Each structure stands twice: as C-alpha cells, then as structure tokens.
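Visitor: Could you have a look at this structure, given as structure tokens, before my questions?
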Amino acid sequence: MTMQLALAQVKFEAKVSKKKLGVNERLRVDFEMNKDGDNFTPPSFLGFTVVGGPNQSISNSWVNGKRSYSKTFSYFLEPKGRGKFTIKQATIEIDGQIYKTLPIQVEVTGAVDKPKDGNDTDFVASENLHLIAEVSKASPYLNEAITVVYKLYVSPRISVSNWRELDSPKYSDFWSQAIDMKQLKIENGQYNGEPYRYVVLRKTVLYPQKTGKLNIEPLTLTVSVDVPTKRRDIFGGRLYTTVNKTVAAGNRKINVKPLPAQGKPDDFSGAVGDFEFKVTTSKTVLDATESLDAKVIVSGNGNLKLFDLPKLNVPNGLEQYEPQHNERVRTNLTGMAGNISDTYTLVPQYKGKYPIPSISFSYFDLKTETYKRITSDEIVINVKTGPDGGNTVVTSESEGTGKRLVTQTGNQFRFLKLNANLQPIQKEYFFKSTAFWVSLTAPLLAIPLFLFFGKRREERQSDVSGNRVRKANKLARKYLSEARKNLGNQKEFYIAMERALHNYLKAKLHIQTSEMSKDRIQRLLKEREVDDTISIEFIALLESCEFARYTPSSTSAMQQDYDKASRVIAAIDKQL
C-alpha cells in the first residue's frame, strides 16, 4: 500500500542552476516532473531574455523492478540588468489535475570577472571575444587624472555584427568625464600574443575623490557574434550561427595615494597639476565712479574644476562686487586643460591711489611631487578725478595687525577756518517757548502712531509666507540686475540672464552648473521638492538663452523673459 502511494505521488518542481549570478552570466531553469502531462505553460521570465529552449528531455529507468520516469523542460536565460527577480510559477496538467511549481527568487549582480554560464554552446564566442579596460595608472594621487580606455578584441575566427551596452559603470568615488568618440575605428593588434582586431568603444577620464583602494566597475556589453559551425553548405563553405554573448571588462582596482602632509601650505585648496597664476586689471588709471575689472585666473593642466580660486582683497574706497566665475576647460586623455577665472567689478569712490595687494595660489606639482606657491604682483589703481578724498593713498594691510593704514597727502587741515567772523549769541529762554510746547506735546501725539506702526510690524513679522516672497523677490532682483541693465541688447541680455540663472543655482544648491545638463538640473530641483511646473519653466528659460544666440528677439520678448525669470527664481527660493 505504501509503495502504491509513493508511485502515485506526482512531483512537479522548478530548479535553477544558481540563485545569484552576474549580469554577464546565464541562468538555466529546469521544470521537472515525474509523470508525463499535457498543456505545459512556462512563466513569463520577467527581467530575462530567453536565449535557449525550451529543450525537452525524458528519462526512463528500471531498477530492481521499479520504474523511474522523469521529464524536463529546460530554458537558458540572459539577464537584462541588475536586480532581484522572481521565476514565477509554471503549470502543467497531469491526470486531469493542474500542478504548479513554486516561485524562485534570483539575484542579478554586477558583472563577474570569470563568467560561468549554465550553457556552453557559446564557448567559441567566449574564447574569441574579450572586452578589456586599460587603466593609465594603478596608483595615482588624490585628484590626479587617470584614463580608462575600453577596447573590444575580436578574433579572426569569428565576426561581430552589432553590440549594445547592458550595464555602465557608475564611478561613484570619482569625478568623471567621458571623451566624445566621434567615430569608431577598427584596428589590428594582439591579445595574449595572438593577432586580433579591436575597436576602442569608450574613453573616460577619472579624478579620484577618495584615498585608498577604489574599484572601477566594469562595462558590460551584449554582442551578437557569428560563430562557425561544423555544418557546410552545398558548395562546401562553413555555415555560421549567431550567438548573443554578454562580455564585461572586469573590475579594476586602483590604490589612490593621499597628498603628502609635509610642506602643505595653509591656503592649499586641493589644486593638483601644473598651473600658472596671475591677477590682472582692465585698467589702472580711471576716474571715480568708473568701473574696472580685476581678474584672478589660473591656467594649465590639472583638476581645474575641483578647487576654489583665492579671494581678491581690495582697500577701502574701492567698492567690490561679487565675482563672475568663468571656466574654459577642455578634457582629453591627459585630463583637464584650460583656465578658470573670477572677475571682480571694482568702482573707486574718491580720487587717490589704491594698491591692490598681492595674493598667492598654492598647488601640488605632480612632476616634482612637491607643493608650489605662485604670488601675484601688487597693482596700483590711480584715480585721477572725482570727489576729493584727500588724495588718498591706501597701503596694504600691515603685517600681523590686520588693519589697513590710510595716509593723507595734500592739505590735511583744509576744513579748518582760520579767519573766523565771530558774533555774540543772543540770549533766549527755552521755558514757554515754541520749542518747549512742541517738546511737551509731541510724545503724547506720537503714542497712537507708535501703536499703529507697532501693530503693522507685528503683522508683517507674523506673515511668514509674505516675508519669504519679499525675500525671494529681493534675491531675484539681485541676480537679474545685470540682465535688466542690458534690456534691448539681445546678446548681452541673454548672456547676463543665463549667467544669473546659473549663479543662482550655484549659490542656493551649492553646485557647479557649468558642466551640467538640463536634465540633471531638473532632477536636482525635483530632489529638493521644487514643483515640476517651476522646474520646467526654469529649464525653458535656459533654452531661451540658448536659442537667442541664433534667432533675433524683440525688446518685449526680453522683458517677458526677464519677468518670467524674476518670478521663477522667487518661486524656487520660496519652495527651497
């Protein structure tokens, strides 16, 4: 009786070759039953591509007079990306009953160095196709540029029809910049001493932002490979079959060295490379209330976008405005090259001579592996005409005191009158005079006014929303003041407005926007819970600034864009 129950028991199970695999590996799924059935229905295999199957196998055996039966449906799956996926239930009908398998959880991770697939039909493709990541330096300094070049090697024994990226590296511990590949070029080379063809797929420049051992994630591709088979056509030519093969460049480890502590200047801001530094002015002789530009500029090769420029100090009597930051940087295989600058607008108030003191810039030189300092020259601004401030000559800050010394030239006592015409003072009594009665009654009359304005002040302070709006409108006027001055001049207006929008984001979100795409700006605003409509309007303004370079625009259109920019900046600031 027990034997009959055991034989009558039906089993229908799902088995996987592995429950954790890399995105460049394949998964085998078997649906096995111990009794033949009908209407087998596989699951949808969400998250995978079926690259093989269903393959059907049947096994019959007799052991000591006992029959053993097994029927299996096999599938070979290729992951579409990373994540956790579920192999859902399959169904079959056996003896009029519906049986279902149990769901199976499978985790797909990043690419592994040596994939082990459940199916070996692509063995030839695996042996003749290689994706390599070449790293220019295995032990760089912090903020030193390294280059990663991805090459796809193909043996003459196979051919590749097309490929696509399946998984891209994230570079989470690096500042990264991809170099534009205008066209792909097939070249001849060697791999492990054998002749191969290869193509450079991607070049990326990385600046490590952390010290220690860092991992460069692999690039993973899906490649269609034409592999020769044992079959031949009627003319004796070998027939080919197409195999979809997943290849990965493999994880690469680098060891990032910290910058040496010995000799590090106090004003070091993280500049690494080979630089030049100077401070220049647009003019040195001018009249009071005229403006001049003072530019602090660093040029050369290195991490130009990843450090701060030294601040300019000016003497009293020169009104200084917030600097305009500008970056002219290109990125190639050697890293960043070009210049960055801060341009200050200075306006003298009085006649005199104003020395702009020298400032210094420190950086780490990779060639000598030492710190270097460059000091700018002192610049004297001569204001010829203007309100007489005593022919002021302002010296640099005296050492150790932090105070600015001011000396006067010319007639220092011109305000003293030497020939005074003195007259006797006529004696008047204050008591019961007009001033007496005004002084007595004015405080009493002012009490209602104090009460009225005090109440208005409390209402204004309690109006939190109104205060935010007023503050935001003031901020918008601050950033858009230059654009307002250029209304009517299309080119200057839109340049100033684009600069204002970028400077506003830089100030409020503490980010550099010069290399940001509009999609990333929109995503950052969304992360800070700014309404989508406001974000869309902000991006539309940036696009208007771009279009205005190529299409004419009327003064009324500029005014509309200006009003829209004021409203959008005020709205974003209120929500932030």
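The values are calculated or read from the model by the stated rules, or taken from the named source; none is laboratory data. The shown structure was predicted, so the numbers you read here are calculated from the model rather than taken from an experiment. We place every Cβ from the backbone using ideal geometry, glycine too, and count neighbours over all the protein chains shown. With ligands, DNA and RNA removed, areas are computed over all heavy atoms of the protein, side chains included. Shrake-Rupley method; radii C 1.70, N 1.55, O 1.52, S 1.80 Å.
Visitor: Residues of the range 78-92 being within 29 Å of ASP38 (Cα to Cα) and either in a loop (DSSP other than H, G, I, E, B) or at pLDDT below 90 (or both), which ones?
Guide: Result: GLU78, LYS88, GLN89, ALA90.
Visitor: Could you tell me which residue of the range 325-363 is farthest from ASP293 (Cα to Cα), considering only residues that are open to solvent by 10 Å² or more (accessible area, probe 1.4 Å), among the aliphatic types (A, V, I, L, M) and assigned to a strand (DSSP E or B)?
Guide: For the range 325-363, the residue satisfying everything is VAL329.
Visitor: Of everything in the range 108-148 that's open to solvent by 40 Å² or more (accessible area, probe 1.4 Å), over 29 Å from ILE87 (Cα atoms) and among the acidic types (Asp, Glu), which residue is modelled with the highest pLDDT?
Guide: Taking the candidates together, the pick is GLU134.
Visitor: Would you check which residues across the range 370-380 are open to solvent by 20 Å² or more (accessible area, probe 1.4 Å) and under 28 Å from PRO260 (Cβ atoms) and list them?
Guide: THR370, TYR371, LYS372, ARG373, ILE374, THR375
Visitor: Something else: Counting only residues that are among the basic types (Lys, Arg) and in a strand (DSSP E or B), which one in the range 249-280 is least open to solvent (accessible area, probe 1.4 Å)?
Guide: The first filter runs over the range 249-280 and keeps only residues among the basic types (Lys, Arg), leaving 252-253, 257, 264, 278.
In the following step, the residues that additionally are in a strand (DSSP E or B) were identified as 252-253, 257, 278.
Details: ARG252: 87, LYS253: 144, LYS257: 67, LYS278: 116 Å².
Looking at the filtered set, the residue picked out is LYS257.
Visitor: Of the residues that make up the range 83-94, is at least one out of contact with any Cys (no Cβ under 7 Å at 6 or more places or on another chain), more than 24 Å from VAL247 (Cβ to Cβ) and open to solvent by 80 Å² or more (accessible area, probe 1.4 Å)? Spell out the reasoning first.
Guide: Kept after step one, since they are out of contact with any Cys (no Cβ under 7 Å at 6 or more places or on another chain), are these residues of the range 83-94: 83-94.
After this cut, where a residue has to be more than 24 Å from VAL247 (Cβ to Cβ) as well, the list is 86-94.
Applying the additional criterion that residues be open to solvent by 80 Å² or more (accessible area, probe 1.4 Å) yields 88-89.
Taking every residue of the range 83-94 in turn, at least one turns out to be out of contact with any Cys (no Cβ under 7 Å at 6 or more places or on another chain), more than 24 Å from VAL247 (Cβ to Cβ) and open to solvent by 80 Å² or more (accessible area, probe 1.4 Å).
Visitor: PRO169: open to solvent by less than 30 Å² (accessible area, probe 1.4 Å) and at negative phi, yes or no?
Guide: The answer is yes for PRO169.
Visitor: Of the residues LYS311, LYS367, LYS283, which is out of contact with any Lys or Arg (no Cβ under 9 Å at 6 or more places or on another chain), open to solvent by 20 Å² or more (accessible area, probe 1.4 Å) and over 30 Å from GLY386 (Cβ atoms)?
Guide: LYS367
Visitor: A further question on this structure: Quick one: would you say VAL464 is at pLDDT below 75, within 26 Å of ASP561 (Cβ to Cβ) and of a type outside the set (S, T, N, Q)?
Guide: Criteria not met by VAL464.
Visitor: I would also like to ask the following. With (1) modelled with pLDDT of 85 or more; (2) of a type outside the set (A, V, I, L, M); (3) assigned to a strand (DSSP E or B); (4) open to solvent by less than 50 Å² (accessible area, probe 1.4 Å) as the list, and GLY52 as the residue in question, which single condition is left unmet?
Guide: Result: GLY52 passes all but (1).
Visitor: While we're on this one: Do any residues in the range 483-499 that are in contact (Cβ under 8 Å) with a residue 12 or more places away in the chain have Cβ atoms under 7 Å from those of residues that are open to solvent by less than 50 Å² (accessible area, probe 1.4 Å) and part of a loop (DSSP other than H, G, I, E, B), where the two are at least six apart or on different chains, and which pairs are they?
Guide: The qualifying pairs are GLN490/ALA548; GLN490/SER553; PHE493/ASN486; TYR494/ALA548; ALA496/ASN486.
Visitor: Would you point out the residue of the range 172-196, among those that are hydrophobic (A, V, I, L, M, F, W, C) and open to solvent by 70 Å² or more (accessible area, probe 1.4 Å), that is farthest from MET336 (Cα to Cα)?
Guide: ILE186
Visitor: Considering only the range 149-162, state which residues are open to solvent by 20 Å² or more (accessible area, probe 1.4 Å) and at pLDDT below 90.
Guide: PRO156, ARG157, SER159, VAL160, SER161, ASN162
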